[in-house]
Amino acid sequence: MLDPTKPRPSPGPGELGVTFEQPDAHHALLVVDGEIDTLTAGSLERALTELLNASADVLVVDLSAVTFLASSGLAVLIRAAHQAGDRRLRLVSTARAVRRPMEITGSDQLFDLYPDRTAALSPEE
């Protein structure tokens, strides 16, 4: 599992950092770092496809290191939510730059939003 206390190198301009892991049979985790815009939306889409192909019941996308979410990135997240079928995407973010576009468009209703990765990886109550 990724150690959130250890710094990862930041992606450069026009790059998106994505890391996929499956910590156990029930959870799949995608950690995203950088700006999600027209230049990086394709990288996000490929990473989300890998996440959706996982056999896990719980799909978590950690966006806590995302500093910008353009409409192209939001569209990719919305498509992934629809493709998830019976599984619901859990998004991790408290940043206004990520949450505000979702709230304005109402697309926040497609996801379960969590303040941190630990909460998102916890079993549902």
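The values are calculated or read from the model by the stated rules, or taken from the named source; none is laboratory data. These figures come from a predicted structure and were not determined experimentally. Cβ coordinates were reconstructed from backbone atoms using ideal geometry, including for glycine residues, and neighbour counts include every protein chain displayed.
Got a sec? Which of 38, 5 is out of contact with any strand residue (DSSP E or B) (no Cβ under 8 Å at 6 or more places or on another chain) and at pLDDT below 95?
Values: 38 fails: at pLDDT below 95.
The match here is 5.
If you go through the range 62-70 one residue at a time, do you hit one that is hydroxyl-bearing (Ser, Thr, Tyr), outside any loop (DSSP other than H, G, I, E, B), crowded, with 16+ Cβ neighbours inside 10 Å and at pLDDT 95 or above? Spell out how you get there, then give the answer.
Of all residues in the range 62-70, those hydroxyl-bearing (Ser, Thr, Tyr) come to 64, 67.
Pick out the ones that are also outside any loop (DSSP other than H, G, I, E, B) and you get 64, 67.
So of that shortlist, the ones also crowded, with 16+ Cβ neighbours inside 10 Å come out as 64.
Okay, now just the ones that are also at pLDDT 95 or above, so 64.
Yes, that holds for at least one residue.
Among residues of the range 94-110 that are of a type in the set (S, T, N, Q), those with a beta-carbon under 7 Å from a residue that is part of a loop (DSSP other than H, G, I, E, B) at least six positions away or on a different chain give the pairs 94/115. Candidates in the range 42-61 are the residues that are assigned to a helix (DSSP H, G or I) and of a type in the set (S, T, N, Q); of these, the one that is surrounded by the fewest Cβ atoms within 10 Å (Cβ to Cβ) is 53.
Within the range 71-87, count every residue that is closer than 10 Å to residue 45 by Cβ and either surrounded by fewer than 18 Cβ atoms within 10 Å (Cβ to Cβ) or free of Cβ contacts under 8 Å to residues at least 12 places away in the same chain (or both). First the steps, then the outcome.
Restricting attention to the range 71-87, the residues satisfying the condition of being closer than 10 Å to residue 45 by Cβ are 72-73, 75-77, 79-80.
With either surrounded by fewer than 18 Cβ atoms within 10 Å (Cβ to Cβ) or free of Cβ contacts under 8 Å to residues at least 12 places away in the same chain (or both) added as a condition, the list becomes 72, 75, 79.
Going through the range 71-87 one residue at a time, the tally reaches 3.
Scanning the range 81-125 for residues that are in a loop (DSSP other than H, G, I, E, B) and not small (Gly, Ala, Ser) yields 86, 87, 88, 94, 111, 115, 116, 123, 124, 125.
Taking the options 67, 118, name whichever one is free of Cβ contacts under 8 Å to residues at least 40 places away in the same chain, closer than 18 Å to residue 17 by Cα and not charged (D, E, K, R).
Matching residue, one of 67, 118: 67.
State the number of residues belonging to the range 96-125 that are closer than 19 Å to residue 58 by Cβ, surrounded by fewer than 16 Cβ atoms within 10 Å (Cβ to Cβ) and hydrophobic (A, V, I, L, M, F, W, C). So the count comes out to 1.
Of the set (1) among the hydroxyl-bearing types (Ser, Thr, Tyr); (2) surrounded by fewer than 17 Cβ atoms within 10 Å (Cβ to Cβ); (3) farther than 18 Å from residue 26 by Cα, all apply to residue 93 but (2). The residue pairs whose first member lies in the range 45-59 and is farther than 17 Å from residue 77 by Cβ, whose second member is of a type in the set (Lys, Arg), and whose beta carbons are closer than 9 Å, counting only pairs six or more residues apart or on different chains, are 56/87; 57/87.
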